[in-house]
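S.K.: My questions will all concern the structure given below.
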């Protein structure tokens, strides 16, 4: 990633988070939060686009995912994730916006409801009332293959079965960033199974409660980006969210499913950039650079 360095953060309960920090530290920051079962690498294209635009970008692996540590006690509640986010943005002195996909969006919503002073929030294919079948499909995929895979090709097959509309990669080696090789020689997904252990059944209740708080934060700009082919966010879910928060802006991305940025990164990136240009402008940076 051009202009980015790897950073490590220590959470209040001792877990190490790993992320990428790029751009001018004096610039407004955009914080990227990936979805459940993903890693920060899912944001590669979006991060580069934002860096090229002039933003500082923070992109980290959530606890229990990717290169970040796992919780021995299963501390994967939204309270834990919101506290992690507060640690990541601690030095964002020029203000920041949050861009969160699915689980990352729920974390963003809960964090601002809990007092995190974001300047704007982008939710990617997540609403307070998602479609139960779509959520179940994600959770079932993450719970499957607990015994790992004998080969990389077996993991590719599992991904293809989950998302048959996407072409199989010509070079599957990139999938290794989502896998870990254990002592038995088998490949396992990068996430902690405790993240989907069934301990967090109140997850959507917490999201709904957080949305109710955010509805009263009338100063906070809010954008929902959804894939029109998503099985998680429906027209009814969007309508209910808009009824609750009339100021909610919505960008629909045709040809995209739940993994919006991965399916249509070009359209997704433009929608986010347009929103940020209005609510997290870079004018102060432009003035400082022209003065030099």
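S.K.: Of (1) surrounded by 22 or more Cβ atoms within 10 Å (Cβ to Cβ); (2) out of contact with any helix residue (DSSP H, G or I) (no Cβ under 6 Å at 6 or more places or on another chain); (3) not in a helix (DSSP H, G or I), residue 57 satisfies all except one. Which?
M.R.: Failing condition for residue 57: (2).
S.K.: Looking at the structure I just gave you, is residue 161 part of a helix (DSSP H, G or I) and in contact with a strand residue (DSSP E or B) (Cβ under 6 Å, 6 or more places away or on another chain)?
M.R.: When the stated conditions are applied, residue 161 does not pass them.
S.K.: Considering 134, 104, which residue is in contact (Cβ under 8 Å) with a residue 12 or more places away in the chain, assigned to a helix (DSSP H, G or I) and over 18 Å from residue 78 (Cβ atoms)?
M.R.: 134
S.K.: Considering the range 72-91 alone, what residues qualify as being surrounded by 18 or more Cβ atoms within 10 Å (Cβ to Cβ) and closer than 19 Å to residue 139 by Cβ?
M.R.: 75, 76, 78, 80, 81 - these are the residues of the range 72-91 that are surrounded by 18 or more Cβ atoms within 10 Å (Cβ to Cβ) and closer than 19 Å to residue 139 by Cβ.
S.K.: Which one of 159, 124 is buried (at least 16 other Cβ atoms within 10 Å of the Cβ), at negative phi and free of Cβ contacts under 8 Å to residues at least 40 places away in the same chain?
M.R.: 159
S.K.: Listed residues 154, 216, 171; which is loosely packed, with under 15 Cβ neighbours inside 10 Å and within 28 Å of residue 271 (Cα to Cα)?
M.R.: 216
S.K.: Right, something else. Looking only at the range 127-151, which residues are at pLDDT 95 or above and loosely packed, with under 13 Cβ neighbours inside 10 Å?
M.R.: Selection gives 150, 151.
S.K.: Among the residues that make up the range 143-164, is at least one of them within 30 Å of residue 242 (Cβ to Cβ) and within 23 Å of the chain's Cα centre (by Cα)?
M.R.: Taking every residue of the range 143-164 in turn, at least one turns out to be within 30 Å of residue 242 (Cβ to Cβ) and within 23 Å of the chain's Cα centre (by Cα).
S.K.: So, in the range 60-100, of the ones that are assigned to a loop (DSSP other than H, G, I, E, B) and touching a strand residue (DSSP E or B) at 6+ places or on another chain (Cβ under 6 Å), which residue ends up farthest from residue 19 (Cα to Cα)?
M.R.: 92
S.K.: With the condition being in contact with a helix residue (DSSP H, G or I) (Cβ under 9 Å, 6 or more places away or on another chain), at pLDDT 95 or above and closer than 23 Å to residue 46 by Cα, I'd like the helices (runs of 4 or more DSSP H) fully within the range 188-292 carrying at least 1 qualifying residues.
M.R.: Helices (runs of 4 or more DSSP H) meeting the threshold: 265-279.
S.K.: Sticking with this one: Can you confirm whether residue 177 is part of a helix (DSSP H, G or I), within 22 Å of the chain's Cα centre (by Cα), modelled with pLDDT under 90 and surrounded by 13 or more Cβ atoms within 10 Å (Cβ to Cβ)?
M.R.: Yes.
S.K.: Being outside any strand (DSSP E or B), within 16 Å of residue 282 (Cβ to Cβ) and free of Cβ contacts under 8 Å to residues at least 60 places away in the same chain is the filter here; which residues of the range 1-46 pass it?
M.R.: 3, 23
The values are calculated or read from the model by the stated rules, or taken from the named source; none is laboratory data. Computed from a prediction, not measured in an experiment: that's the story for all the values here. Positions of Cβ are generated from backbone atoms using ideal geometry, with glycine treated the same way; all protein chains shown enter the neighbour counts.
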